[in-house]
Amino acid sequence: YGLRIAKCLPWTKRRIRNELDEKRDAMVRDAEAEWNELLDDAAKTEAQTHLFLPKRTSDRDGILTLLTEWSRKERELWEGGRASGAIYHGNEKFHEFLGKAYGLFSVANPLHPDLFPYVRKTEGEVVAMMIHLFRGRTSRDDDDGGCCGTLTSGGTESILLACKAHRDRARDLRGIASPEIVAPTTVHAAFQKAAHYFGMRLILVDVDERTGLVDVDDVRRNMTRNTVLVAGSAPNFPHGIIDPIRELSELARERGVGFHSDCCLGGMILPFVERLQADGRLDDVASRPDDDVDVIPPYDFRLPGVTSLSA
């Protein structure tokens with residue numbers, strides 16, 4: 001208690017803020033130095049450093065040659081397989097296919113479905129595929145509309161949109177003006193961003209040092225009347241551990257709040273692992289003493305408490 005009071009004193013607050021600023025600046029300097037070392041000598045020259053618009057147009061072939069070389073050098077940094085959470089498929093032919101597909105729609109703008117109807121069609125069908133993959137129900141299944149979704153720029157934007165949706169819903173239906181998110185400390189940093197962007201408070205709950213799992217009772221104790229969202233990961237960002245989604249989502253449902261299952265980092269594999277398990281093809285990978293225990297615990301829209309999911 002005395003330490004908390006001391007931290008509130010003006011002198012102590014200035015001291016802490018100054019030390020944090022010094023540490024942050026040192027981290028930035030070290031990171032910039034490390035990243036610059038990854039560039040070759042030519043990339044550091046004035047000829048390949050452009051801080052202003054050039055006075056003359058550049059030769060397209062020259063630009064493509066330079067970009068091809070830079071792409072080759074970057075591939076050397078990750079194609080050895082020691083890249084976590086950055087590259088998800090290293091097959092060169094597949095990358096070539098992606099490049100051609102992206103190029104065909106490089107000027108498409110989904111905000112104008114009257115001009116790009118096939119982009120709208122593609123997005124809708126991809127969303128439908130994901131709803132099916134993660135055991136959701138569509139408007140064809142439910143009279144109330146079922147699941148819906150959208151394509152985003154990545155996991156961070158998906159989490160941001162989910163947090164905003166739950167904030168807005170709680171504000172409109174429950175009049176909550178100071179919304180809170182409760183989640184394990186292992187959730188993705190995008191929840192920090194969402195709390196900052198949307199005026200929410202993020203309450204992080206410690207996980208067990210041995211198992212890496214959060215205690216559901218600890219989450220319950222941190223929930224208040226302002227809680228609008230509980231979140232968990234399948235799997236989580238630091239350790240690849242699946243949070244107790246079933247228990248956490250049920251807790252959220254009991255309290256009448258939303259639950260977000262974040263499957264952005266590896267969660268797309270889980271439905272297929274389940275299929276392998278169901279086909280009896282995981283015997284050499286996972287051995288459980290109890291046949292009734294699933295290798296992959298439920299994490300998706302099969303659970304009635306899961307109100308949003310990112311993948």
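Among T152, T122, which is the only one that is assigned to a loop (DSSP other than H, G, I, E, B) and either under 23 Å from the mean Cα position of the chain (by Cα) or surrounded by 10 or more Cβ atoms within 10 Å (Cβ to Cβ) (or both)?
Working: T122 fails: assigned to a loop (DSSP other than H, G, I, E, B).
Sole residue among the options that is assigned to a loop (DSSP other than H, G, I, E, B) and either under 23 Å from the mean Cα position of the chain (by Cα) or surrounded by 10 or more Cβ atoms within 10 Å (Cβ to Cβ) (or both): T152.
At pLDDT 90 or above, in a helix (DSSP H, G or I) and closer than 28 Å to N91 by Cβ - does that describe any residue in segment 17-31? Checked segment 17-31: no residue is at pLDDT 90 or above, in a helix (DSSP H, G or I) and closer than 28 Å to N91 by Cβ.
Name the residue, out of D25, D41, D21, that is open to solvent by 70 Å² or more (accessible area, probe 1.4 Å) and farther than 30 Å from M268 by Cβ.
Working: D25 fails: open to solvent by 70 Å² or more (accessible area, probe 1.4 Å); D21 fails: open to solvent by 70 Å² or more (accessible area, probe 1.4 Å).
After ruling out the rest, the residue left standing is D41.
Quick grid of which residues meet (1) at pLDDT 95 or above; (2) part of a loop (DSSP other than H, G, I, E, B); (3) open to solvent by 20 Å² or more (accessible area, probe 1.4 Å); (4) within 29 Å of R220 (Cα to Cα):
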{"position": "A252", "(1), (2), (3), (4)": "yes, no, no, yes"}
{"position": "H260", "(1), (2), (3), (4)": "yes, no, no, yes"}
{"position": "P271", "(1), (2), (3), (4)": "no, no, no, yes"}
{"position": "Q277", "(1), (2), (3), (4)": "no, no, yes, no"}
{"position": "A286", "(1), (2), (3), (4)": "no, yes, yes, no"}
{"position": "V295", "(1), (2), (3), (4)": "no, yes, yes, yes"}
{"position": "F301", "(1), (2), (3), (4)": "yes, yes, yes, yes"}
{"position": "V306", "(1), (2), (3), (4)": "yes, yes, no, yes"}
{"position": "L309", "(1), (2), (3), (4)": "yes, no, yes, yes"}
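If a residue must be among the aromatic types (F, W, Y) and part of a helix (DSSP H, G or I), how many such residues does segment 95-109 contain?
Here is the first cut: in segment 95-109, the ones among the aromatic types (F, W, Y) are 97, 102, 105.
Keeping just the survivors that are part of a helix (DSSP H, G or I) gives 97, 102.
So the answer is 2.
Looking at segment 60-94, which of the residues that are open to solvent by 100 Å² or more (accessible area, probe 1.4 Å) and in a loop (DSSP other than H, G, I, E, B) is farthest from H188 (Cα to Cα)? Among residues in segment 60-94 that are open to solvent by 100 Å² or more (accessible area, probe 1.4 Å) and in a loop (DSSP other than H, G, I, E, B), the one farthest from H188 (Cα to Cα) is E79. Within segment 96-125, the set of residues being acidic (D, E) and closer than 19 Å to C148 by Cβ comprises E123, E125.
Here's the yes/no breakdown for (1) open to solvent by less than 70 Å² (accessible area, probe 1.4 Å); (2) aromatic (F, W, Y); (3) assigned to a strand (DSSP E or B):
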{"residue": "I176", "(1), (2), (3)": "yes, no, no"}
{"residue": "Q192", "(1), (2), (3)": "no, no, no"}
{"residue": "I203", "(1), (2), (3)": "yes, no, yes"}
{"residue": "R210", "(1), (2), (3)": "no, no, no"}
{"residue": "D217", "(1), (2), (3)": "no, no, no"}
{"residue": "L229", "(1), (2), (3)": "yes, no, yes"}
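The values are calculated or read from the model by the stated rules, or taken from the named source; none is laboratory data. Everything numeric here is computed off the predicted structure, so don't read it as measured data. Please note: Cβ atoms are built from the backbone with ideal geometry, for glycine as well, and neighbour counts cover all protein chains shown. Just so you know, the surface numbers come from the protein's heavy atoms only, side chains and all, with ligands and any DNA or RNA stripped out. Shrake-Rupley method; radii C 1.70, N 1.55, O 1.52, S 1.80 Å.
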